[in-house]
Each structure stands twice: as C-alpha cells, then as structure tokens.
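Below is one structure, written out as structure tokens; the observations come after it.
Throughout, read-outs are computed from the coordinates displayed, never taken from laboratory work. Bear in mind the structure is a predicted one, so any value in this text is a computation, not a measurement. Glycine also receives a Cβ, built like all others from the backbone with ideal geometry; neighbour counts cover every protein chain displayed.
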Amino acid sequence: MSADVQAFEAHVSDVELDDLRSRLAAARLPEAETVSGPRRWDQGVPLADLVDVVNYWRTGYDWRAFESRLDRIGQFRTTIDGLGIHFLHRRSTRADATPLILTHGWPGSIAEFIDLVDELADPKDAGAPAFHVVVPSLPGFGYSDKPATTGWGTEKIAAAWVELMGQLGYGKFLAHGGDWGGVITTILGGRFPEQVLGIHTTVAQAPPGMTTDGLSAAERAWTEESHDFWHHRAAYAKQQATRPQTIGYSLVDSPVGLLAWILDKFAEWTDTEDSPFETTSIDRLLDDVTLYWLTRTGASSARIYYESHNSLDPDLRVDVPSAITTYPHDIEKYPRAWAQERFRQIMRWRAPEKGGHFPSLEVPAYFVSDLREGLAAVLAAHR
C-alpha cells in the first residue's frame, strides 16, 4: 500500500452520544398524518412509526457495536486530490482473490455492505470466487472529508476510485454499485477500461431517447414505473439538486428530521408491504442514520445531487464486461434492449422476483450469490 494510506478508527465521544439522546428526548413532533390504512404512508413517515423508531434509537440502539464492526473489518483513510477519503479494506486470504470496489449511494453508506464483506473476502464455499474488498465512503459522506468547493461529481469520484485502488496496489479491479454507486461504477467501466476488469451494477441507465417499440408488456411497465418515479416521487432529488444547503440545516440540526428524511426512502424503495423493517434490520438502518448524524454529513452528502443530477454523459459507452441485476422494487428499471445500447458486453442479466433499492440489506443471501455469479461471468470473459 501507498504510504499515504493510514489506519483509522471510528470512536465518537460519550458526550456526542448523550447529546443525540437528549435531542431525541426533546424532539418536537407534528400531529399525525391525515391518511390511514393502506394509504398511511402516502404523506410520508407515519407519526406512530417514527415515534417507535425514535424511542428505540434513544433507549435500545448500540452505536458502539457498529464502531467495533468497522474496526474489525479494517478502516483506513487517504488523501486524493486534496480530499480525505475513508474506506474499509478487507484483504482475502485466498491467493486467487480479485480486487473489488463496492460503492454506495444516497441515503445509503458503507453500512450497506458491512455484513457481506467477510463472506465476499473469504467465502465458506471454497469453490466460490473470493475478493479483496474495498468499500469507500463517498466524498461528503461518513468519515470522508466534505468538499469545500464544487467539482466533486461522479466523474471525479470515479477517477478518485482508480487512484485509491492504485494506492492499495490494485492496478486492475472489479467494481459494483447501486444508486449513485451504480452511476460511478458505470463511469469506471466506461472511462477506465485499462484498470477495470468489469462491473456489476443494479442501475443500468440507458442513453436518452430510447423507443418503447418492440418492448414486452413487462418491459413497458418498467419504463412507465421509472417515468412515474422521476415525475411524481422524486421531490427529494430536486430539493437536493437545487437547494442542498437549505435542507442541510435541518438534516444536521435535527436527528428526528434526518431520520424521517432517510426512513421515508427506505420505506418507499424497499420490497415490502408496509414497514421497511419487514426486510431491513432496524439496527442496520440506524447504523446508517447515526453515521450521517455523528459525522454531520446531511448537507454535504446532499450536494452529490447538486454536482451530478442528470449529468451522466449520454454518449458514454461501457465496453468492459458487465453484469446487471434489476430488482423488482427498485426506483429505476431499464429494459435490456435499452441497457445494451450503453453496456456493450452484458455477460449476465438478472431480474429476480424479490428485492428493492437496498438489496444488500433486503435480500443479503441472494445479493451475495448474485454478485459472485455476475462477477464470475465478467471474469470468464477475459479467459
């Protein structure tokens, strides 16, 4: 590893945790929503659900367990283009392991992957592929630095990931991502074919202007659902793309406001009937929210929308081998005929029956299996 890479330990003071609990206890809440029954989430997070999570966050949740888990995996920081970047790094014990970078999005974090790192690095099945796993925190997220100037959009982040992997001694590597991580992974595959062996993504964004002619009924439904999302359910993205500073004051000052802002997305974007906790652990969700809170990154993380919303190069093509998985309850779904206009070597395409926007948390066993098989297909293309 480069000498620029330094070991890192996460440990907030008891004062910070006590302050969080005090703020939760003193929270001022609005009246209950005016909808009920099957429509009770139509106006956002229902009051009763929020109160339950807030009470558990204040009296039952254990942040120290999350800190210990990060330290066991291995945490590091380095500086790239003047910005401090935090990342997890777990080297496999297997001689045949391949370097792999996993990139999260918003409102996710490295918490999305911590339960999977060990199994990806040293699988119990000796026949399964193994990986040297790197999980960076996006600029402005978690323990990475907050950019003080504009310019840290997805293109620059992708270039920074190449530099990061080079500092770790990984001249060639695989990449996976979803949400913003999927966009960054697409750019990695398109801009850096000399370093990127191939990619796996849950966001196969097609070039603009594609026609629905020739699509199946199911594929047309995908396009209609994606269109509906961006036109009727994406106010959060417009807000963060245009006024991240304004919403940022609330996200940094109020833990309940931050929780509601993030919980709303987990509820809407997961493959569940009612509560996101049908599939996602409340502790893991609170790991994610508490990480945002303690690092004061509500505003800085929102700025990735300001930097990069609708900025993916329409002419970008990905010629490296690719594996694509589209989960049924994700917020963006593109037909294969559209995706292959950008991704020119789709080695594996999957559309499972369950899962949403956070598959590593919702369907972790399937996610790990699918990621392994997809990356194995990508690597096979080089033989």
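Based only on other Cβ atoms within 10 Å, what is the fewest-to-most ordering of Ser308, Ser2, Ser137?
Neighbour counts put them in this order, fewest first: Ser2, Ser308, Ser137.
Treating cross-link reach as a plain straight distance, find the lysines whose alpha-carbon is under 24 Å from the alpha-carbon of Lys333, omitting any fewer than eight places away in the same chain.
Within the straight-line limit of under 24 Å, Lys333 reaches these lysines: Lys238, Lys265, Lys354.
So if I average 1/r over every pair of distinct C-alpha atoms in the chain and take the inverse, what Kirkwood radius in Å does that give?
21.3 Å
Local charge sum around Gly355 (other residues, Cβ-Cβ under 12 Å, Lys/Arg +1, Asp/Glu -1)?
Summing Lys/Arg as +1 and Asp/Glu as -1 gives -2.
Taking θ = phi - 60°, what integer Hz values does the Karplus form 6.51 cos²θ - 1.76 cosθ + 1.60 yield along the range 24-33, in sequence order, with x for Gly and Pro?
For the range 24-33, the Karplus-derived couplings read 5, 5, 9, 4, 9, 10, x, 5, 5, 4 Hz, x marking Gly and Pro.
When the distances between all Cα atoms of the range 163-280 are binned every 10 Å from zero, what whole-number percent does each bin get?
All Cα pairs, binned at 10 Å, distribute as 11, 26, 32, 26, 5, 0 percent.
With N denoting the number of residues in the range 1-107, provide Rg(C-alpha) divided by 2.2 N^0.38 Å, to two decimal places.
Compactness ratio reported: 1.56.
Under the Karplus relation 6.51 cos²θ - 1.76 cosθ + 1.60, θ = phi - 60°, what is the ordered set of whole-Hz ³J(HN,Hα) values for the range 128-145, x standing for Gly and Pro?
7, x, 10, 9, 7, 9, 10, 10, x, 8, 4, x, x, 10, x, 8, 7, 5
Once amide H atoms are placed 1.01 Å from N in the peptide plane, what residues at a sequence separation of 5 or more from His132, or on another chain, have their amide H within under 5 Å of its amide H?
For His132, whose amide H was placed from the backbone, the distant partners under 5 Å are Ser92, Thr98, Leu100.
Would you mind counting up the charge near Ser254? Only other residues with Cβ under 13 Å from its Cβ, with Lys and Arg at +1 and Asp and Glu at -1.
Taking every other residue near Ser254 into account, the sum is +1.
Among Val203, Val162, Val289, which one moves the most in a GNM of the chain with springs linking Cα atoms closer than 10 Å?
With Cα springs under 10 Å in the chain, the top fluctuation among Val203, Val162, Val289 is at Val162.
Counting alpha carbon pairs within less than 8 Å and at least 6 residues apart, what relative contact order, in whole percent, applies to the chain?
It rounds to 18 percent for the chain.
List the longest stretch of the chain that has no exposed loop site; here a site is one of the GluC sites (Glu not before Pro) assigned by DSSP to anything other than H, G, I, E or B, with at most 10 other Cβ within 10 Å.
32-193
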